[in-house]
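Asks: First the structure, which I've put down as structure tokens, then a few questions once you've had a look.
None of the figures in this text is laboratory data; all of them are computed from the coordinates on show. These figures come from a predicted structure and were not determined experimentally. Glycine gets a Cβ as well: all are built from the backbone with ideal geometry, and neighbour counts include every protein chain shown.
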Amino acid sequence: MDALTIGGIALAFVSIVIGSILKGAGVGSLLNPAAFVIVVCGTFASILIQTPKATFMRAWKIAPWIFKPPIDDHEQLIAKMVEWSEIARKQGLLGLEPALESEQDPFAQKALQMLVDGTEPDKIREALEMDIEVKSKANTASAKVFEGMGIYAPTLGIIGAVLGLIAVMKNLADPSKLGSGIAAAFTATIYGIGLANLFFLPIANKLKDVIGKQNHTKEMIIEGIIAIAEGENPRNLETKLKGFAG
């Protein structure tokens with residue numbers, strides 16, 4: 001579990017609530033159902049119009065990565081590939097079949113399958129790099145769903161504020177309603193800017209970071225598999241991968 005994400009979300013709520021209290025506005029000023037409906041529903045309406053169904057669904061599938069990103073244990077991965085290299089040198093590539101059956105990671109499993117099948121190293125690289133590119137584009141497009149929400153939310157907040165001010169203008173004859181009406185109008189702006197900058201945009205950026213790390217790990221797997229296919233010494237392989245992992 002990513003403690004920074006949990007701490008950041010908690011701090012975001014605290015900062016808004018405590019800030020509102022310290023400014024004298026009070027927590028009640030943050031509660032405005034009309035503003036919430038305009039900003040949140042409007043933001044989702046915009047992103048639904050913009051986004052293909054598959055990308056939108058994938059966005060919510062990868063969203064939990066901000067709390068629990070896929071585990072990338074480079075040390076364990078290096079040790080595993082060095083072991084594969086030693087098996088291949090002693091037993092040949094077919095000796096890796098038990099490792100293929102027990103491998104849980106789909107990308108590593110695909111790489112091992114091609115290796116066991118005796119695929120040429122350049123063909124292995126080409127196929128695996130294509131796999132990375134396709135999945136990276138799909139995941140990045142999904143992360144941009146939240147980026148889009150971060151762009152639309154502030155604008156919807158302004159629309160909510162304007163609609164609130166229109167309601168205020170209709171009550172100019174009653175000065176007692178002006179103060180509370182103007183305050184309520186600007187609540188929509190808080191929702192829009194707050195959701196964009198405290199949630200949607202940070203979520204998008206964190207997902208992009210996770211996707212980048214996944215790609216880096218997959219590139220390391222490619223280098224390891226190619227080295228095994230070329231019969232590189234296990235110790236040399238370990239040195240190369242440790243440098244690759246940083």
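Asks: Using alpha carbon centroids, what distance separates the range 41-85 and the range 145-160, in Å?
Replies: 23 Å
Asks: Arrange the peptides 188-198, 43-53 so that the one whose residues have, on average, the most other Cβ atoms within 10 Å appears first.
Replies: The peptides rank, most packed first, as 188-198, 43-53.
Asks: Same structure, new question: Report the label-to-label distance for residue 113 and residue 18 in nanometres (one decimal), using points 7 Å from each Cα along the Cα→Cβ vector.
Replies: In this crude label model, residue 113 to residue 18 measures out at 5.2 nm.
Asks: In a Gaussian network model over the chain where Cα atoms closer than 10 Å are linked, find which of 121, 98, 234 has the largest mean-square fluctuation.
Replies: So, out of 121, 98, 234, the one fluctuating most is 98.
Asks: Also: If each residue's Cβ is checked for other Cβ atoms within 10 Å, how do 114, 149, 169 rank with the fewest at the top? Before the final figure, lay out the partial values.
Replies: Numbers: 114 19, 149 25, 169 10.
Sorted ascending by nearby Cβ count, the order is 169, 114, 149.
Asks: Would you calculate, for the chain, the mean residue ellipticity at 222 nm contributed by helices, counting each DSSP H stretch of 4 or more residues as -39,500 (n - 2.57) and dividing by all residues, to the nearest 500?
Replies: Roughly -25500 deg cm²/dmol at 222 nm, from the helical runs in the chain.
Asks: So between residue 89 and residue 193, what do we pick up on full extension, going 0.36 nm a residue minus the alpha carbon distance?
Replies: 31.5 nm
Asks: Can I ask one more? May I ask you to compute the full-extension gain from residue 1 to residue 68, defined as 0.36 nm times their residue separation minus their alpha-carbon distance, rounded to one decimal in nm?
Replies: 23.6 nm
Asks: Restricting things to alpha carbons, find the Rg to Rh ratio for the chain using the Kirkwood radius for Rh.
Replies: Taking Rg over the Kirkwood Rh, I get 1.21.
Asks: Pairs of lysines 8 or more apart, or on different chains, with alpha carbons under 20 Å: count those in the range 80-170, would you? Don't skip to the answer; put the middle values down first.
Replies: Values: 80/90; 80/110; 110/123; 110/135; 110/137; 123/135; 135/144.
Summing the qualifying lysine pairs gives 7.
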